[in-house]
Amino acid sequence: MSKVLRFTGGEDFYSGRSIYQSPKEANLFLSLGNHVDVYFPPSKRSRISAPFVFSEDLFEQKRQDTIEVLPDECLFEIFRRLPGGQERSACACVSKRWLNLLSNICPNERSSGKSQNNLDPTCGGEEVSSEDDGFLSRSLEGKKATDIRLAAIAVGTADRGGLGKLSIRGSKLSHVTSLGLGAIARSCPSLKALSLWHLPSVGDEGLLEVANGCHQLEKLDLCQCPNITNKFLVAVARNCPNLTDISIESCSSIGNEGLAAVGQFCQNLKSISIKNCPSVGDQGIVGLISRAGSALTKFKLQALNITDVSLAVIGHYATAVTDLTLASLHNVTERGFWVMGNGHGLQRLRSLIVTACRGATDLGLESLGKGCPNLKQLCIRSSAFLSDGGLVSFMKSARSLESLQLEECHRITLSGLYGLVVGCGDKLKSLALTNCWGFKDFDFGSPQVSPCKSLRSFAVRNCPGFGDACLVALGKICPHLQQVELSGLTGITDEGLLRLLECCEAGLVKVNLSGCINLTDQVVSAMAKLHGRTLEVLILDGCTKVSDLGLLAIAENCQLLSDLDVSKCAISDFGLMALARSSQLSLQVLSVSGCSLVSDKCLPALKKVGRTLLGLNLQHCTAISTRSVDLLLEELWRCDILA
């Protein structure tokens, strides 16, 4: 130290001279403030021209004396001997190199010592099971979907119950390749469900490791993965005997060979959906259904290049199918549906959905009605050839049908609807019509027939020709309706709806009149008086002629009402006050969205009504201030408020 300061150390006291050539050089070691009373004689500060030189060799030597100099083989041997998952996870956080090495260690390559390696200190020395049961679920979306994250998931979930479900939703920012999926395959043998969407960079290489390493796989979902081919599908069919659910969409490289392998090896397959795969043809569907049809229960085909041959095989071999969906099969003709119905193999079919299939004609549907004796639900969309006669004939043959939905079937008229309801027997419970433009509002003059006692739910959505005459005809033959939906029908008025309400003897429970702009307080008051004791849900969204008088009738008569929607109606603060004064009303959901006449004056009423509310919609109520909304949020803490 004396050499540094040029001080011999022989004197016990400081002689008065500065130990620095320049007193201000003390600032290199000590910062003195202005309050320190120390005198330094003025002297010029010395100039330091020589910089400090650090020895590069010294630092290089220290840098080399680390564990990083070990080759991957040595690190691999070290990592596989780590005692538990906590240690492996800690090491994985050090660097990407260590993470990649740890993710390459298979469970059977880990050192299995019975000493303290399997003991968790938090369990009091109790042995912790290392068996992977697949309890964990992980999902990656967008830019978070990368190989690094997949490697981290592989390492982190191995000793925490095992990864059971992995979902990857890719995008242009995703960086998932076969490397990340390979890490999952090596570290997660417990994987049971795998879903891959929008991953064009993923090919067979990594997925073949999944097929060879994840033998417990039960569900497989592939969407827009063009580089995945039949090779992977064959491998997963051979190595995953527990596979029960497969969904393939927009995978252009998967075709007949893969589906035939699935039919041959997947004996436990219960559900399969194939959509927009141009390489799939009749050969693949025949190979699949002819071998797996006895176990398959749910089957969906959409936008495929198949013909009548596939439907004929389905009608003969799909003996266990209960749910069948056929959509956009443009090469299937009427003959295909006819043969499928006459194959007598769809005895267990309960639900059928047919969309945009030109083969769904009167003759084809009648054949299906005869060949599917246990059919309960039928949905037909975008059928240009189905007419009134075919619909009535189908209903006469399908005696077990309980629910019927028709959408964009423009050849269906009021005559067909009348014949349908009259001839449905005593099974049909629900009927829905959506965007059917064949209805004309005229006096039908229906004959005297026995009413339909089974129909409970009736819905008409956006059918522009459906008016008062249709409601009158419907009311005569459907006296037991409990749920009525008439949305977007600008042609109905108070007179027609009142006739329907008077015919409903059982009492309406749910009523949806959204978008019926010609309805007024008169019919709302009549409905409240006729069905107030049973009405639970009332939706008047967009009924612009309904005002406070209608709310007053609802408050006085509807004892069981729990859900009320008066959005975009002509109600004001007075109507809400009437609701608040009702002692018998216990609303759970109230919507007054878009009611411009509702203001801050209704705040006390909303607080009183809100004692039972679970949901309150105040969106687009421009006369309600932010301060009032804040008070409601503070007061009605149990209620979800939209404002």
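For the reader, a short list of remarks on this structure follows.
- Any hit, the range 458-479, residues being under 37 Å from the mean Cα position of the chain (by Cα), buried (at least 18 other Cβ atoms within 10 Å of the Cβ) and within 30 Å of residue 321 (Cα to Cα): yes
- Residues that are more than 29 Å from the chain's Cα centre (by Cα) and within 23 Å of residue 276 (Cα to Cα) were ranked within the range 336-358; the one that is modelled with the lowest pLDDT is 358.
- The range 81-99, residues that are within 35 Å of the chain's Cα centre (by Cα) and open to solvent by 70 Å² or more (accessible area, probe 1.4 Å): 86, 93, 96
- Residues that are outside any loop (DSSP other than H, G, I, E, B) and touching a Cys at 6+ places or on another chain (Cβ under 9 Å) within the range 494-506 comprise 496, 497, 500, 503, listed in sequence order.
- Count of residues meeting criterion [of a type outside the set (S, T, N, Q) and within 19 Å of residue 249 (Cα to Cα)] in the range 177-199: 6
- One residue alone among 221, 282 is in contact with a helix residue (DSSP H, G or I) (Cβ under 6 Å, 6 or more places away or on another chain) and not β-branched (Val, Ile, Thr), and that residue is 282.
- Residue in the range 626-639 that is on the phi > 0 side of the Ramachandran plot and in the same structural domain as residue 573 (by the TED database) present: no
- Between 308, 245, 282, the distinction of being in contact with a Lys or Arg (Cβ under 9 Å, 6 or more places away or on another chain) and over 24 Å from residue 191 (Cα atoms) belongs to 308 only.
- Qualifying positions in the range 224-254 - basic (Lys, Arg) and either out of contact with any Phe, Trp or Tyr (no Cβ under 6 Å at 6 or more places or on another chain) or in contact (Cβ under 8 Å) with a residue 40 or more places away in the chain (or both): 231
- Among the candidates 616, 631, the residue that is crowded, with 18+ Cβ neighbours inside 10 Å and free of Cβ contacts under 8 Å to residues at least 40 places away in the same chain is uniquely 616.
- The residues in the range 507-537 that are under 34 Å from the mean Cα position of the chain (by Cα), part of a loop (DSSP other than H, G, I, E, B) and under 22 Å from residue 465 (Cβ atoms) can be counted, and the count is 5.
- Close Cβ contacts (under 9 Å, 6 or more residues apart or on different chains) running from residues in the range 191-202 that are over 15 Å from residue 140 (Cα atoms) to residues that are part of a strand (DSSP E or B) and open to solvent by 10 Å² or more (accessible area, probe 1.4 Å) comprise 191/165; 192/165; 192/219; 201/175.
The values are calculated or read from the model by the stated rules, or taken from the named source; none is laboratory data. Small disclaimer: the values here were computed from a predicted structure and weren't measured. As a convention, Cβ positions derive from the backbone with ideal geometry for all residues, glycine included, and neighbour counts pool all protein chains shown. Ligands, DNA and RNA are excluded from the accessible area calculation, which covers all protein heavy atoms including side chains. Shrake-Rupley method; radii C 1.70, N 1.55, O 1.52, S 1.80 Å.
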